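Asks: Right, I'll just put the structure down here and ask away after.
The values are calculated or read from the model by the stated rules, or taken from the named source; none is laboratory data. In this text the structure is predicted, and so the values were computed from the model without any measurement. Using ideal geometry, Cβ is built from the backbone for each residue, glycine included, and neighbour counts are taken over all protein chains shown.
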Amino acid sequence: MNLLKATGTIGGLTLLSRVLGLARDSLFARMVGAGFASDAFLVAFRLPNMFRALFAEGAFAAAFVPMFNQKVADPQGKGLPDGLAFAEAALSVLLPVLVVMTLALEVFAWPVTWALSGGFNGLSPDKFAFAVSLSRLTIPYLLLISLVALLGGILNSLQQFWVNAAAPILLNLTLIAALLFFPSPDALVAATHQALAVSISGALQLAWLAHAARRNGVNLRPRWPRLTPDVKKLLSLIWPAAAGAGAVQINLVISTALAASLLDHGSVTYIYMADRLNQLPLGLIGIALGTVLLPTISRLLGAGDEAGAMETQNRGLELALLLTLPATMGLVFCGEPIAAALFGYGRYTAMDTHLTAQALAAFSIGLPSYILVKVLTPGYYARHDTKTPVRYATISMGVNLALNLILILPLKHMGPPLATALSSTVNVVLLYSTLVRRGHFVLDARARRRIWRLALAALAMGALLFSAQGLIMPYTHGSWFLRLGAMSALVCAGICVYGLATLLLGAFTREDLGLLRRRRAPTKE
């Protein structure tokens, strides 16, 4: 498999989804602003959003894909029919569990909302009841997105990566349609429309995946639930993988709850908007690489090719850093013009923009860590080890909670993002060191030679962007064309400087990226 091509396909579709997400957030900021209504919707959206990240982009794939591939590749079996039989058995057990869980969350929406918000810092009973009603509207998305994850895992195993990667686009299009076609001058009504659109988008995503699955010969029929040995193994792997793959998301839930309960109204919105910008490179790079690396490494290990698996992970790490380091510099040093261009109009004030940029800088310090988690965890999941990542994720969450409590009052809206970034770095250090100690990952000579060169190139780009942001700021207000031009100029300047620096320093070449040749890059230089 061409790692760059597969990553580029997924990354391109994920980029389109993230761009649409930014357009959605811009409209949301303009029509709802930063206050109680926006905070209430974002708290209601946090739980289904976390499930999307944990199951659709993390835990289910981590547990299901290696087992499905093993069934399909077993020379003693029937190939794909065996894999689909396993998928049907998994669906038959998971579906009733998901239905019961969804109904329970609907019934207990009040305590769930309180846990996610801490009561919104002394909110009146009427307003809190409104926040609970938004949670009830978004909860069905959990069931729908979990079924999407099952079908998406099958299609990924069949190397139909693009179908699953395109599904989140429907979420953003649905939320944008709700803002454009059902506008309201009342922020509370606009927030209600958004909450309803979340669950509608889940139904659309499930329909999209089901149609694609049928076109690829996948027709799953639920059967009477039976806990077969394979299903028991799958269930034992899912929950540890959820915590291991979702440490960042769980940390964000903690941060949201503390911000809602201890800080002024609007703080949840600042943190959310900053996280959305931070999620753009995370979605483009981290999720794409993680999606491709897991089945690729699983197949190599299944064939006994340990050296091939290690080389694939080395190249994945290089590619992650090549793309992540400049994004980190851009978001840290140019958060103010970026936030102003995207959100700074309508009900979103100049002060809202400034506070969002501060939260963005704190989040972005940990961007390399967020993405390296996606690169390193397939090294565990491909070997059916989900316990080690969950152990380290638990440590990371403990660090996050402690840092949140220490930083949130002195740093306010910057405290939770910084705590999330630092705790994610702890997670990466633990994951990396354990892989090395077990002999499952060794940083090869090519990677060691190039990592520090990539860092120097990114610093050069960061220095340029920092000096140029004063020139860009006056053009981040006004028409969309003016804002787009300002952002395009900033991005193009950064890309040119970074690209030139990587070539001059020998950090990367066109041949390494497969732009001139489609063969595997050499491991020795």
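Asks: Select from region 441-471 the residues that are touching an Asp or Glu at 6+ places or on another chain (Cβ under 9 Å) and not basic (Lys, Arg) and list them in ascending order.
Replies: ASP444, ALA445, ALA447, ILE451, LEU454, GLN469
Asks: If I ask for residues that are of a type in the set (A, V, I, L, M, F, W, C) and not in a helix (DSSP H, G or I), which ones from region 151-188 would you list?
Replies: LEU158, PHE182
Asks: Are any of the residues in region 160-181 over 19 Å from the mean Cα position of the chain (by Cα), under 30 Å from LYS233 (Cα atoms) and either buried (at least 20 other Cβ atoms within 10 Å of the Cβ) or at pLDDT below 85 (or both)?
Replies: yes
Asks: Still on this structure: Contact list please: Cβ distance under 7 Å, first residue in region 145-170 and outside the structural domain of ARG214 (by TED's automatic domain parsing), second residue of a type in the set (Gly, Ala, Ser) and not in a helix (DSSP H, G or I), pairs at least six apart or on different chains.
Replies: Close Cβ pairs satisfying both conditions: none exist.
Asks: Taking region 113-143 only, how many residues are exposed (fewer than 15 other Cβ atoms within 10 Å of the Cβ) and not in a helix (DSSP H, G or I)?
Replies: Count: 3.
Asks: Just need a number here: residues in region 356-375 that are outside any helix (DSSP H, G or I) and surrounded by 24 or more Cβ atoms within 10 Å (Cβ to Cβ).
Replies: 1
Asks: Within region 218-263, work out how many residues are outside any helix (DSSP H, G or I) and either farther than 30 Å from THR420 by Cα or modelled with pLDDT of 75 or more (or both).
Replies: So the count comes out to 12.
Asks: Out of the residues in region 32-75 that are out of contact with any helix residue (DSSP H, G or I) (no Cβ under 6 Å at 6 or more places or on another chain) and of a type in the set (S, T, N, Q), which is modelled with the lowest pLDDT?
Replies: So, considering only residues that are out of contact with any helix residue (DSSP H, G or I) (no Cβ under 6 Å at 6 or more places or on another chain) and of a type in the set (S, T, N, Q), the one modelled with the lowest pLDDT is ASN49.
Asks: Please count how many residues of region 23-48 are of a type in the set (Val, Ile, Thr) and more than 27 Å from MET487 (Cβ to Cβ). Step through it out loud before you land on a result.
Replies: Narrowing region 23-48 to residues of a type in the set (Val, Ile, Thr): 32, 43.
In the following step, the residues that additionally are more than 27 Å from MET487 (Cβ to Cβ) were identified as 43.
The number of residues fulfilling the criteria is 1.
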